[in-house]
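Here the structure is laid out as structure tokens; the discussion comes afterwards.
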Amino acid sequence: MPTTIAFFIAVGSGILLRKRHSWVGVVLHIYGQIAIWLSLFVMSLAIVLALLGHK
């Protein structure tokens, strides 16, 4: 589910940027956005699991 959300956020923002940037810039933006959103999800999941493990 987080992967799907990250993908649609990245593609949506990439479509908005298409008017000002080349296709290469848009593709790099999409990959960057997916990486950022997934890393945030993994980090927050790790924090939750660490907090639950201390109880």
Here the relative contact order (percent) of the chain, from C-alpha pairs under 8 Å and at least 6 apart, is 41
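Which value at 222 nm does the chain reach when only helices count, each DSSP H run of 4 or more adding -39,500 (n - 2.57), with the total divided by all residues and rounded to the nearest 500 deg cm²/dmol? Working shown, then result.
On the way: 2 runs with 47 residues, N = 55.
The helix-only estimate for the chain comes to -30000 deg cm²/dmol at 222 nm.
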From phi via Karplus (6.51, -1.76, 1.60), per-residue ³J(HN,Hα) for segment 18-27 in Hz, x at Gly/Pro | 4, 5, 10, 10, 6, 4, 5, x, 5, 5
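Values in this text are rule-based calculations from the coordinates and carry no lab data. Predicted model only: the values in this text are computed from it and were never measured.
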